1. Among the candidates Leu176, Leu230, Leu187, single out the residue that is hydrophobic (A, V, I, L, M, F, W, C), surrounded by 13 or more Cβ atoms within 10 Å (Cβ to Cβ) and not in a helix (DSSP H, G or I).
2. Looking at the range 2-19, which of its residues are in contact (Cβ under 8 Å) with a residue 12 or more places away in the chain and away from the ligand (no atom under 16 Å from the Cβ)?
3. Based on this model, can you work out whether Val128 counts as surrounded by 12 or more Cβ atoms within 10 Å (Cβ to Cβ) and in contact with an Asp or Glu (Cβ under 6 Å, 6 or more places away or on another chain)?
4. If only one of Val100, Val78, Val104, Val84 is outside the structural domain of Ala163 (by TED's automatic domain parsing), touching a Ser or Thr at 6+ places or on another chain (Cβ under 7 Å) and β-branched (Val, Ile, Thr), which one is it?
5. For the range 198-222, how many residues meet the condition of being surrounded by 11 or more Cβ atoms within 10 Å (Cβ to Cβ) and within 15 Å of Leu132 (Cβ to Cβ)?
6. Scanning the range 20-76 for residues that are of a type in the set (Gly, Ala, Ser) and loosely packed, with under 12 Cβ neighbours inside 10 Å, which turns out nearest to the ligand (Cβ to nearest atom)?
7. Give the range 121-144 a look and list any residue that's under 21 Å from Ile96 (Cα atoms) and in a helix (DSSP H, G or I), or say none.
8. Can Asn161 be described as part of a helix (DSSP H, G or I), outside the structural domain of Asn86 (by TED's automatic domain parsing) and of a type in the set (S, T, N, Q)?
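The values are calculated or read from the model by the stated rules, or taken from the named source; none is laboratory data. Since we're looking at a predicted model, the values are computed, not measured. Don't worry about glycine lacking a Cβ; one is built from the backbone with ideal geometry, like all the others, and counts go over all protein chains shown.
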Amino acid sequence: MSNSEKPYICEYCGVGFTREKTLAVHMCQPKRRFLQRGEKRVQLGLIAFNKFYKLSAGSKKDKTYDEFDKSPYYNAFVKFGSFVSNVRPLYPEKYIDHVVTSGVKLDHWCREEMYEKYAINLIKKEGVETALERSVMTMMEWADEQEQAPWNHYFKYVSLNRAVWHIRDGKISPWLILNCTSGKDMLGKFNDEQLEIIYPMIDPEHWAIRFKRQPNDVQLVKDVAKESNL
Ligand SMILES: [Zn+2]
């Protein structure tokens, strides 16, 4: 058929249609990718895609959305973008760099173990101030979701399963848990299974050495905990 019989052309894939309405409801992969550009997972996927080309291929220029849409790796990067958006890693940019330079295959970027290793390493090394700030922010977010709960009730009333995942994901730091009474009381309520999940983060041997080496930082946490009635 000639173009005059199919005058309505999809601007994304170039296919022609006889009726305008058919074109309006037509969907194809390039059009769908175009319409998804504003989604967070796609934007995060593009950030990772750019990092990948810069860090591993030495590319100097940013890739465009058009290049991203047409890449054979589009789906894999968007899937990773979803992962980043759901897990909300600590320091997302840093995590993306870590994954991109890890040498691990793209298909494996969304594995839980990958993030866990990063998170364990990070929370064991980071300074007391960022650890404290993030922990309090997480507790405040929790308080916002409850009806009129003060954030300093977190250790007393948070569901233990919730706390387990906050600790495991690095959102609540051992710096705070291990240096205030209500935090230690909460740890005492965990069952064996829960303790096993958080063990790599709470690692008593690591923190005992750390606290011994940084008495001023421990004092800072204790002061904050006291002021906040934790
Ligand atoms: Zn089309």
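1. Details: Leu176 fails: not in a helix (DSSP H, G or I); Leu187 fails: not in a helix (DSSP H, G or I).
Only one candidate qualifies: Leu230.
2. Result: Glu5, single match.
3. On the way: surrounded by 12 or more Cβ atoms within 10 Å (Cβ to Cβ): yes; in contact with an Asp or Glu (Cβ under 6 Å, 6 or more places away or on another chain): yes.
Considered against the rule, which asks whether it is surrounded by 12 or more Cβ atoms within 10 Å (Cβ to Cβ) and in contact with an Asp or Glu (Cβ under 6 Å, 6 or more places away or on another chain), Val128 comes out as yes.
4. Values: Val78 fails: touching a Ser or Thr at 6+ places or on another chain (Cβ under 7 Å); Val104 fails: touching a Ser or Thr at 6+ places or on another chain (Cβ under 7 Å); Val84 fails: touching a Ser or Thr at 6+ places or on another chain (Cβ under 7 Å).
Just one listed residue meets the conditions, Val100.
5. The qualifying residues number 10.
6. Looking only at the range 20-76, we keep the residues that are of a type in the set (Gly, Ala, Ser), and these are 24, 38, 45, 48, 56-59, 71, 76.
Cutting the leftovers down to loosely packed, with under 12 Cβ neighbours inside 10 Å gives us 24, 38, 56-58.
Values: Ala24: 11, Gly38: 19, Ser56: 32, Ala57: 30, Gly58: 34 Å.
Within the range 20-76, the match that is nearest to the ligand (Cβ to nearest atom) is Ala24.
7. Pass one, the range 121-144, residues under 21 Å from Ile96 (Cα atoms): 121-127, 130-131, 134.
Matches in the range 121-144: Asn121, Leu122, Ile123, Lys124, Lys125, Thr130, Ala131, Arg134.
8. Values: part of a helix (DSSP H, G or I): yes; outside the structural domain of Asn86 (by TED's automatic domain parsing): yes; of a type in the set (S, T, N, Q): yes.
Yes; evaluated as a whole, the condition is true for this residue.
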